[in-house]
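**Q** This is the structure I want to talk about, given as structure tokens.
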Amino acid sequence: MKRPFKHIAVPILFISFLLLGMVVNITTPTKELSEAERRALKQFPSWTFERLFDSEYYASLETYALDQFILRDQLRSINAHTRRHLFFQRDVNGIYFIDDHILSMEYPLNESSIIHAGTLIDSIIDSHLSEHDIYYGIIPDKNYFVAPDNGYPHIDYTTIVDLLSAHIEGGEYIEIKDTLVLNDFFRTDHHLRQDGLHSMRNKLFNQFGITPPETSYRIYHEHRDFNGSYYGQAALPVKSDTIRLLSNDMIETMSAYDVITGETVTIYDIEALEGINPYNVFLGGQQAITKIENPHATNDENLVIFGDSYATALAPLLAEGYQSLTLIDLRFVSHEILDQYIDFTDQTILFLYSVPILNDSYMSS
């Protein structure tokens, strides 16, 4: 019996579609970065005969294929829409929405990472910071403000504080969470807005015994098209954020430089706003050691902050109260060589880290 034409045409069209997709994937140039996800994409892994039976090689090859698949962003968006609006899932791959904010579940608690951080801080105090005024604080993640009341898994903030404090013998703890609310964070990102840091700034000044400078701020620059890291992970259309940079006469006279290279660093790197990570606008992004000098300081006090990317937005505001402020990111420099670059004499010391950094990665080896 002669088969109907559709019985032949359908398999042919399906195979042709697969072959066309394969050819397009092969011939399309690979991308190095995903602007939507703000991350580097996997490149084709180099092959050697020895890797023929290496399972890790094939895992890398699979990751490469997934990262470089044609129409990847569009397919991610269709998947997110389907799971959120058709199947009514409360989260998609750990991403969820509350009051127009995109959030990523920070869960479960990684006790070993918290303990490592506390042990490291205590070691730095013992080796570099004897007889100093030392403080430490923890910046909560966005989940702290909404997850408990909305039934999402979350880390108990108090547990993190207790774990960290149990391993730091020196230093005075400063409670940070009470100076913040959800809207002090970007809606599409985990970072804090600089214009949401005023209460934290004043509390830190008061804790350090520094009278908060009575200065007002003006908007130095606005970037109205900021899509944070959660925006790309959500793969759903969300209204963009606005980055507002604060300034005044004192901040505009400050200068900064990379302590290791000696290169000048701008307080606000406007060109970074057009890059893959606009948050690098603050001091040009994360550096090993950055120093800000304030020629119009009303005292001769100096502040050193051991911190992560959250500290870069806060630094210009705190620098108003000091003749110098030094930022140290231990992910880019070993604490064992700090004495080669920094004289810690007569410095106030602040360890200021966010929950995502404390819980999910190590500050230093």
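FYI, it's all coordinate maths here, none of it is from the lab. Being a predicted model, the structure only gives us computed values, none of them experimental. Because the Cβ atoms are built from the backbone with ideal geometry, glycine has one as well, and the counts that use them run over all protein chains shown.
**Q** Under 5 Å between amide H atoms, partner at least 5 residues away or on a different chain: which partners does Tyr220 have, H built in plane at 1.01 Å?
**A** Close amide H contacts, sequence-distant or interchain: Leu245, Leu246, Ser247.
**Q** Still on this structure, please answer the following. What ranking, highest mean first, results for peptides 308-321, 71-84, 242-255 when packing means the other Cβ atoms within 10 Å averaged over each residue?
**A** 308-321, 242-255, 71-84
**Q** Expressed as an acute angle from 0 to 90° and rounded to the nearest 10, what is the orientation of the C-alpha long axis of helix 5-27 relative to the principal long axis of the chain?
**A** 30
**Q** Enter the angle in degrees (range 0 to 90, nearest 10) between the Cα long axis of helix 157-166 and the first principal axis of the Cα atoms of the chain, meaning the one along which they spread out most.
**A** It works out to around 50 degrees.
**Q** OK, next. Report ³J(HN,Hα) in whole Hz for each residue of the stretch 40-50, in order, from the Karplus equation J = 6.51 cos²θ - 1.76 cosθ + 1.60 where θ = phi - 60°; Gly and Pro get x.
**A** For the stretch 40-50, the Karplus-derived couplings read 6, 8, 5, 9, 4, x, 5, 10, 9, 4, 5 Hz, x marking Gly and Pro.
**Q** Between Tyr268 and residues 5 or more places away or on another chain, which pairs have amide H atoms under 5 Å apart, with H built 1.01 Å from N, and which residues are they?
**A** Under 5 Å from the amide H of Tyr268 lie the amide H atoms of Leu283, each far enough along the sequence or on another chain.
**Q** Oh, and also: Can you give me the angle between helix 111-128 and the longest principal axis of the chain, using Cα atoms only, in degrees from 0 to 90, rounded to the nearest 10?
**A** 30
**Q** In the chain, what percentage of the DSSP-assigned beta bridges are antiparallel, given to the nearest 5?
**A** Expressed as a percentage, antiparallel bridges in the chain total about 55.
**Q** Across the chain, how many lysine pairs, 8 or more apart or on two chains, come within less than 21 Å at their alpha-carbon atoms?
**A** The number of close lysine pairs in the chain is 5.
**Q** Let me know the charge dipole size of the chain about its Cα centre in debye, to the nearest 20, where only the beta-carbon of Lys, Arg (+1) and Asp, Glu (-1) is charged.
**A** For this selection, approximately 2820 debye.
**Q** Run lengths n ≥ 4 of DSSP H only: what is the helix-derived mean residue ellipticity at 222 nm for the chain, with -39500 (n - 2.57) per run over all residues, to the nearest 500?
**A** For the chain, the value works out to -9500 deg cm²/dmol.
**Q** May I ask for the Rg/Rh ratio of the chain, computed from Cα atoms with Rh as the Kirkwood radius, given to two decimals?
**A** Across the chain, the Cα-based Rg/Rh ratio is 1.05.
**Q** Follow-up. Around Ile98, which amide H atoms from residues at least 5 apart in sequence, or from another chain, sit under 5 Å from its own amide H, with H modelled in the peptide plane?
**A** The list, which skips near neighbours in sequence, is Leu103.
**Q** May I pose another question? Any idea which of Thr266, Tyr173, Ser334 is furthest toward the positive side of the dipole for the stretch 107-360, if Lys and Arg beta-carbons carry +1 and Asp and Glu beta-carbons -1?
**A** The residue sitting most towards the positive pole is Thr266.
**Q** Per residue of the stretch 247-259, what does 6.51 cos²θ - 1.76 cosθ + 1.60 with θ = phi - 60° give for ³J(HN,Hα)? Whole Hz please, x for Gly and Pro, Karplus curve as stated.
**A** So the J values, rounded to whole Hz, are 8, 7, 4, 6, 4, 5, 9, 6, 10, 9, 7, 7, 5.
**Q** Just report the Cα centroid separation between the stretch 293-365 and the stretch 119-196, whole Å.
**A** Using only Cα atoms to place each centre, the spacing works out to 15 Å.
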